[in-house]
Amino acid sequence: MTVRLSDGNGTGASSTELVHVTWGPARGAASTAASALLCVAAVLYNDWLLQFFVTTGLPQASSYVSETFAADQPHRVLFGTVELSCAAILIAAAALAARSAPWGLTLAGWSAVGVFGGCSVLDVLLPMGCAPSVEHGCPPDNFQHTTTSGLVECALFMSMALFGLAVRRPDQDRPVPDRAVTASAAPGRPGQVAGRWAPYLMPVSMASAIATVGPYLGHPGGQGIAQRIHLVSVAVWFVLLAVEARRAGSPPGHREGDSGRGDRDGAQAALAAAGPLAPQLSDTPSTRVHGYVTPGRPSGPSHRPRPSSDLQDGQ
């Protein structure tokens, strides 16, 4: 679909810009794949659930999940593989979702999700040396692992903040040249699910993450419960991102829950992304006056000149 932006004089004779709007099947498939991968990542990131089926000997209430793949643990290969798989899936999902994201805060948010996955890889490659919850004398503050875990948390909260700002400041997002203008480019688009929920989810996730630092301050106990609450909040964030990616790859008027306005909504999205030069599409029906279609003019009795014969009869 191509939208022609006129000079605003009503004639449409002078065009100032052409905005090409496409919603190709490849882009929609990428968004669908990103959505599915994020849902898988939400499950894999909570690999602590495996402790109900695999005997690790670690108390869930007072042990970090990272202890399951500590260097001296018997099941480190299993839990480390799950963690690495989750990180790789997150990186792939962020790359696929970024294809439908406009330049600006939304694209930066997906980049932060990719950084989250990259730091998670380092977190596994630099594990804890032992399990402090069951091994006396094992320090909880492994410098390398603590640093990578901190980077993971920073990337997580950065992604939440960026998607939240994208909702409040939609003017910061601009469509990428030669890239399809999707629903992501339209300010106030209904697909901004993650950004709308980020201000509510972020305090819960951050509070539960802070509650895990007790052992570092000399007050161990309960950090396992707090961390697992935090991991559940991260899984909820991944699900919200999955919905975000799925809707961003669908053209306006063809998303779930839309009324099917179709091409008109697509044109509105393109015009909104084009900036102040774009004319607004009025919802007022057009009327025909003297053979010409005049948008927005109220219908009523036409005042056509009376034939000359009628004038002579009246005299």
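The figure for W48 is an accessible area of roughly 40 square angstrom, using a 1.4 Å probe on the protein chains alone. Amide H contacts of W103: R174, V176, each under 5 Å away and 5 or more positions distant or on a separate chain (H built 1.01 Å from N in the peptide plane; Pro and chain starts excluded). Sorting 35-46, 107-118, 142-153 by their mean Cβ neighbour count within 10 Å, with the most densely packed peptide first, gives 107-118, 35-46, 142-153. How much net charge surrounds E67 when only other residues with a Cβ under 14 Å from its Cβ are counted (Lys, Arg +1; Asp, Glu -1)? Around E67, the charge tally is -4. Solvent-accessible surface of region 75-137, averaged per residue with a 1.4 angstrom probe and all protein chains in place: 40 square angstrom. 3J(HN,Hα) along region 73-86: 8, x, 9, 5, 5, 4, 6, x, 5, 5, 5, 5, 4, 4 Hz, from the Karplus curve 6.51 cos²θ - 1.76 cosθ + 1.60 with θ = phi - 60°, whole Hz, x for Gly and Pro.
If you add up the charges near T146, with Lys and Arg at +1 and Asp and Glu at -1, over every other residue whose beta carbon is less than 15 angstrom from its beta carbon, what do you get? Neighbour charge sum, excluding T146 itself: -4. Distance from the alpha carbon centroid of region 196-216 to that of region 105-127 works out to 18 angstrom.
The values are calculated or read from the model by the stated rules, or taken from the named source; none is laboratory data. All values reported here derive from a predicted model rather than from experimental measurement. Glycine also receives a Cβ, built like all others from the backbone with ideal geometry; neighbour counts cover every protein chain displayed. Only protein heavy atoms, including side chains, enter the accessible area calculation; ligands, DNA and RNA are left aside. Shrake-Rupley method; radii C 1.70, N 1.55, O 1.52, S 1.80 Å.
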